[in-house]
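Below is one structure, written out as structure tokens, with a few remarks after it.
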Amino acid sequence: MSNSLQIGLLVFPLVTQLDMTGPLQVFSSLPGAKVHLVWKTLEPVQSDTPLRIPPTSTFADCPQLDVICVPGGYGTDDLLGDDEVLDFLRRQAEGARFVTSVCTGSLVLAAAGLLKGYRAATHWSAREALPLLGVELSRERVCVDRNRLTGGGVTAGIDLALTVIAHLVDPTAAETIQLRLEYNPQPPFNAGSPDTASPAVLAISQDRIKVAKQRRMELVRQAAARMQ
């Protein structure tokens, strides 16, 4: 494999850090890969946890990437109308081998017009948003449609990155990284999907995100209108 393989993850204020750090750990385990954390400036960005993330490259200095990955989080809402971000993604997508996302990062790719004519996955709470942006919704944990790979919820980022490695190199490379990370999930509960969570747990979750979801859907509608 070429030593010049370039992989970039977008970082931004209120990114869900596990959306980014899960794939970051996988990609950083690939021999010969150079991984970049990309944002408008090099000033640390505040994630949705106490963790602050220092970018390693600006949009202006970022090399052409082989893989671009957009994580999710409530911070994606403000990216849906951010021309600087959307233009950067469009430019990178022209030369990238794989254009990818985790969670609600797929909404940003869609707002940039990069998922038109593709199937894509997203977090369960944002599934109704993708069709408004002209994207066919997939309920898969990792959706592969040509060179567009999108992960569903937060923890799907690890699965997404391993899938990318399998396509980028081969399945053995992905399995070797999986073993290194001892990625062998055995969750203590079966509430990781709205299909399996109890009605009570689902109701609590939906109530907690109700206001934020309303704001997101309004921004999605505005993004969809700009795409007309």
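We did not get these values from a lab; they are worked out from the coordinates using the rules stated. Note that the structure is a prediction, hence the values are computed from the model and not measured. No Cβ is skipped: glycine too gets one built from the backbone with ideal geometry, and neighbour counts run over all protein chains shown.
One table, with the values for the structure above:
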item	result
Test result for PHE88, of a type in the set (Phe, Trp, Tyr) and part of a helix (DSSP H, G or I)	yes
Flag for GLY22 being of a type outside the set (S, T, N, Q), part of a helix (DSSP H, G or I), under 14 Å from the mean Cα position of the chain (by Cα) and over 14 Å from ALA161 (Cβ atoms)	no
Residue among SER198, SER205 that alone is farther than 30 Å from VAL35 by Cβ, exposed (fewer than 15 other Cβ atoms within 10 Å of the Cβ) and among the small types (Gly, Ala, Ser)	SER198
Residues that are in contact with a Gly (Cβ under 6 Å, 6 or more places away or on another chain), under 13 Å from ALA126 (Cβ atoms) and of a type outside the set (Val, Ile, Thr), drawn from segment 61-104	GLY72, CYS103
Of all residues making up segment 127-142, the number that are touching a helix residue (DSSP H, G or I) at 6+ places or on another chain (Cβ under 6 Å) and touching a residue at least 60 places away in the same chain (Cβ under 8 Å)	3
Checking GLY153 against (1) more than 30 Å from ARG97 (Cα to Cα); (2) in a loop (DSSP other than H, G, I, E, B); (3) touching a residue at least 24 places away in the same chain (Cβ under 8 Å), the condition it does not meet	(1)
Residue satisfying condition, being over 30 Å from VAL211 (Cα atoms) and surrounded by 17 or more Cβ atoms within 10 Å (Cβ to Cβ), within set THR163, THR104, THR100, THR155	THR163
